[in-house]
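The values are calculated or read from the model by the stated rules, or taken from the named source; none is laboratory data. The structure presented is a predicted model; accordingly, all values stated were derived computationally and were not measured. Quick reminder, even Gly has a Cβ in these numbers, built from the backbone with ideal geometry, and neighbours come from all protein chains shown. For accessibility, only protein heavy atoms count, side chains too; no ligands or nucleic acids. Shrake-Rupley method; radii C 1.70, N 1.55, O 1.52, S 1.80 Å.
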Amino acid sequence: MQTSTIDQAANALRRGRAVIFPTDTVYGLGVAVGAASDPQVLYDLKERDAGKPIAWLVGGLDDLDRYGRVVPDLARTLARTFWPGPLTLVVKASDEVPRAFRSAEGTIGLRMPDNATALALVRAAGCPLATTSANVSGSRAPRLLDAVDPAFAERVGVVVADEADGDKSGTASTVLDCTQDHPVVVREGAVTIADIRALS
């Protein structure tokens, strides 16, 4: 399949288009939250229930407090320990998170990926990327560029290859709800419950 440069992909993102790109876990499908009015294009491409929230990939630790509100100290400690990496922290969304990207409960999931290409795209787009895996719902998330369904890639139109296209972990990020007094594991992934408990 034909691939685009980071600059070409960033231009597409800044126009509100969806882009396929590598992360540290799988190949992702994302839109720039500063350009897209909502994540609907991601739901449409994935043929996914629009009620399921889509997390953001961010570029640094400061984004946790920028896009989160009343962020607990433990969440900051976890971010300092596991970011960049496969840990998504769910926090109450700040006013900088457009309502269309918040969950029904007013929260947002944030993660800093451990992948140079993904971080370069976030920087080039100038804002976080609302990101999900680059596959139709129900099919396997692609760990390699060659595993991206060509028909799916053609529907998206813009695909970025990894500069070092090794096999992704394939293990989803751990999702931790940090909106209550005590964090709750929504999904255990690469970061284990034992890892989290060691810091709490």
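Observations on the structure shown:
- Screening Arg140 on (1) without any contact (Cβ under 8 Å) to a residue 40 or more places away in the chain; (2) more than 15 Å from Gly28 (Cβ to Cβ) shows it passes everything except condition (2).
- Some residue of segment 37-55 being at pLDDT below 95, of a type in the set (S, T, N, Q), within 20 Å of Thr174 (Cα to Cα) and open to solvent by 10 Å² or more (accessible area, probe 1.4 Å): no
- Count of residues meeting criterion [open to solvent by 10 Å² or more (accessible area, probe 1.4 Å) and either on the phi < 0 side of the Ramachandran plot or in contact with a Cys (Cβ under 8 Å, 6 or more places away or on another chain) (or both)] in segment 7-17: 6
- Qualifying residue in segment 36-48 (condition: in contact with a Leu (Cβ under 8 Å, 6 or more places away or on another chain) and within 15 Å of Arg111 (Cα to Cα)): no
- When residues of segment 99-127 are limited to those that are touching a Ser or Thr at 6+ places or on another chain (Cβ under 8 Å) and assigned to a loop (DSSP other than H, G, I, E, B), the one surrounded by the fewest Cβ atoms within 10 Å (Cβ to Cβ): Glu105
- Within segment 59-89, tally of residues that are assigned to a loop (DSSP other than H, G, I, E, B), touching a residue at least 40 places away in the same chain (Cβ under 8 Å) and either closer than 17 Å to Leu129 by Cβ or among the aliphatic types (A, V, I, L, M) (or both): 7
- Positions within segment 140-158 being assigned to a loop (DSSP other than H, G, I, E, B) and more than 27 Å from Arg102 (Cβ to Cβ), in sequence order: Arg140, Pro142, Arg143, Leu144, Val148, Asp149, Gly157
Yes/no per residue for (1) more than 14 Å from Leu29 (Cβ to Cβ); (2) touching a Cys at 6+ places or on another chain (Cβ under 7 Å):
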| site | (1), (2) |
| --- | --- |
| Val90 | yes, yes |
| Pro98 | yes, no |
| Ala104 | yes, no |
| Pro113 | no, no |
| Thr171 | yes, no |
| Cys178 | yes, no |
| Val184 | yes, no |
| Ile193 | yes, no |
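- The residue that is nearest to the chain's Cα centre (by Cα), counting only those in segment 88-143 that are of a type in the set (Ser, Thr, Tyr) and more than 13 Å from Pro22 (Cβ to Cβ), is Thr132.
- Among the residues of segment 23-36, the ones that are surrounded by 21 or more Cβ atoms within 10 Å (Cβ to Cβ) and either assigned to a loop (DSSP other than H, G, I, E, B) or among the charged types (D, E, K, R) (or both) come to 6 in all.
- When Arg69 is tested against (1) open to solvent by 60 Å² or more (accessible area, probe 1.4 Å); (2) out of contact with any Ser or Thr (no Cβ under 8 Å at 6 or more places or on another chain), only condition (2) is not met.
- Filtered residue count, segment 153-173, keeping only those that are open to solvent by less than 50 Å² (accessible area, probe 1.4 Å) and modelled with pLDDT of 95 or more: 5
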